[in-house]
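Asker: Here it is, the structure in full.
The values are calculated or read from the model by the stated rules, or taken from the named source; none is laboratory data. This is a predicted model, so every value here is computed, not measured. Note that we place each Cβ from the backbone using ideal geometry, even for glycine, and neighbour counts take in every protein chain shown.
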Amino acid sequence: MVSNKAQIKIQQMVFMLLAVFILFVLIGLIVMSSRLSKLKNSVTELKEKEALELVSKLANSPEFSCGNSYGNQKSDCIDYDKLMALKSNINNYKDFWGVSNIEVRKMPNKDVNCTFENYPNCDAIRLINEEMLGYSVSNFVSVCYKEKEGETVSNKCDIGKLIISYEEAEL
Amino acid sequence: MRNKNGQEEIVGFGIILIVIAVIALIFISLTLNKTGKAEVEDFESSSFLKALMEKTTSCEKNANLVAIKDLVFECGREYMCSNGEYSCDVLNETLEQSLHENWRVGSQNPIKGYSLKVNYEGDIYFNMLEGNITSEYKGSMQNYSKVNENIEIYFKVYY
């Protein structure tokens, strides 16, 4: 009778190696998917950080800031009238800030979007397009504008929110 | 006696598989456990307070609407607005309304409460509290000075 012990041992070893190989492949897949997801989160977090810094910079940039138009120099103040003028020229600025959209809202917000027909009886100006897509970050700002009552023009400032939306990183 | 080597090997292999599976599960649960956005960011309370101080009120002085930060000084001097309103009444009403409109508090909301304290020359002029005080909060402070006058405003959001 021919001894099959060696063949059985070889078979056992092959099965064992196969099982260990499959196990390591599974572990490798789990590790790679978690690393890929972390990488995507890092890029998204970086975009969010950039958007937050942009919120601070925008409120003080010449295109948005009040400057000396409302009495003394104000920081984190957005000129609402200037913003409407910027909206009419937004095609020149579409890719300037690297975000998908910028919105400035007066608070409390009744969700009335500003157009050239209804301004100033509105409370939200969306600059780049009409949709706020993707993620958004926001910060409180002063929103100032000139208001005419009869013959007098007065400076009015309200609490507002500057909201920047950006899209999730694609990998 | 029957040879049980094969069975022993299989049991050993099974134990190794179980240990690795447990480690993999712990690893997956740790990677999936993400930190969400904070209820109130550091910059939000500070920027809100700055914007609040610049908000104009219905009180008029020299044909201009007076901002809250200036109205605190006027209230300290017990000034009557040009339209006949008492500056402290306008200030109180505007502060309450602005806080109520911008910060929704409640046990079901992430914000549990807020407080605003206004000091004029070291005396507490206004002390507003809405909701509940908790051990976790974000706060900010603004101070303004004019000749011989100083105001401090403290704002805290509890979550």
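Asker: Looking at the stretch B:72-110 only, could you name the residues that are of a type in the set (Ser, Thr, Tyr), under 18 Å from B:Glu54 (Cα atoms) and either surrounded by fewer than 14 Cβ atoms within 10 Å (Cβ to Cβ) or within 14 Å of another protein chain (Cβ to nearest Cβ) (or both)?
Answerer: B:Thr94, B:Ser98 - these are the residues of the stretch B:72-110 that are of a type in the set (Ser, Thr, Tyr), under 18 Å from B:Glu54 (Cα atoms) and either surrounded by fewer than 14 Cβ atoms within 10 Å (Cβ to Cβ) or within 14 Å of another protein chain (Cβ to nearest Cβ) (or both).
Asker: Would you confirm whether any residue within the stretch B:73-93 is without any contact (Cβ under 8 Å) to a residue 24 or more places away in the chain and among the β-branched types (Val, Ile, Thr)?
Answerer: no
Asker: Note down all Cβ pairs under 6 Å where the first residue falls in the stretch B:139-150 and is within 9 Å of B:Leu49 (Cα to Cα), the second is modelled with pLDDT under 90 and among the aliphatic types (A, V, I, L, M), and they're at least six residues apart or on different chains.
Answerer: As it stands, the answer is none, since no pair meets every condition given.
Asker: Go through the stretch B:29-57 and count every residue that is modelled with pLDDT of 70 or more and surrounded by 14 or more Cβ atoms within 10 Å (Cβ to Cβ).
Answerer: Summing the residues that are modelled with pLDDT of 70 or more and surrounded by 14 or more Cβ atoms within 10 Å (Cβ to Cβ) in the stretch B:29-57 gives 15.
Asker: Right, something else. Do any strands (runs of 3 or more DSSP E) lying entirely in the stretch A:115-171 carry at least 2 residues that are within 14 Å of the chain's Cα centre (by Cα), and which ones are they?
Answerer: It comes to A:135-149, A:152-166.
Asker: Could you say whether any residue in the stretch A:82-93 is of a type outside the set (Lys, Arg), closer than 30 Å to A:Ser42 by Cβ, surrounded by fewer than 18 Cβ atoms within 10 Å (Cβ to Cβ) and in contact with a strand residue (DSSP E or B) (Cβ under 9 Å, 6 or more places away or on another chain)?
Answerer: No, the conditions are met nowhere in the stretch A:82-93.
Asker: Can you tell me which of A:Met84, A:Met13 is among the hydrophobic types (A, V, I, L, M, F, W, C), out of contact with any Leu (no Cβ under 6 Å at 6 or more places or on another chain), in a helix (DSSP H, G or I) and more than 12 Å from chain B (Cβ to nearest Cβ)?
Answerer: A:Met84
Asker: Turning to a different aspect of this structure: Condition first: more than 16 Å from A:Thr115 (Cβ to Cβ) and either modelled with pLDDT of 85 or more or of a type in the set (Ser, Thr, Tyr) (or both). Now tell me which residues in the stretch A:77-100 satisfy that.
Answerer: Matches in the stretch A:77-100: A:Cys77, A:Ile78, A:Asp79, A:Lys82, A:Tyr93, A:Ser100.
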